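Below is one structure, written out as structure tokens, with a few remarks after it.
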Amino acid sequence: MKNIIQQKLNKAFSPEFLQVIDESSQHAGHSGWREGGNTHFKVEIKAASLAGKTRVAQHQAIMRELKEEFADTLHALSIDIMK
């Protein structure tokens with residue numbers, strides 16, 4: 001899942017910086033967590049294509065790119081957009 005998220009965000013936004021962190025183990029026993037992980041991730045991204053958009057629009061753009069993953073095993077995504 002981590003590699004898929006990286007590939008999709010790289011393709012969609014050509015970021016200057018991108019880090020995808022699997023935080024699934026920190027959510028064991030919480031809603032949406034599944035054995036084996038791949039459920040909770042954090043994305044840190046800096047991309048010119050996201051600059052100038054509102055925070056909501058930035059998050060919506062990222063979430064749109066990961067729609068299929070949310071339909072699969074991805075449950076939660078924390079997004080940090082760097083300036």
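The values are calculated or read from the model by the stated rules, or taken from the named source; none is laboratory data. Quantities reported herein were computed from a predicted structural model and do not represent experimental measurements. For neighbour counting, all protein chains shown are included, and Cβ atoms are generated from backbone atoms with ideal geometry for every residue, glycine included.
A compact table of results
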| quantity | calculated |
| --- | --- |
| Counted residues, segment 54-68 - those being outside any helix (DSSP H, G or I) and under 9 Å from the mean Cα position of the chain (by Cα) | 1 |
| Any pair with Cβ under 6 angstrom, 6 or more apart, that starts in segment 8-27 at a residue that is assigned to a strand (DSSP E or B) and ends at one that is of a type in the set (V, I, T) and at pLDDT 95 or above | L18/I45; V20/I5; V20/V43 |
| Residue in segment 54-76 that is surrounded by the most Cβ atoms within 10 Å (Cβ to Cβ), counting only those that are in contact with a helix residue (DSSP H, G or I) (Cβ under 7 Å, 6 or more places away or on another chain) and either of a type in the set (D, E, K, R) or at pLDDT below 95 (or both) | E69 |
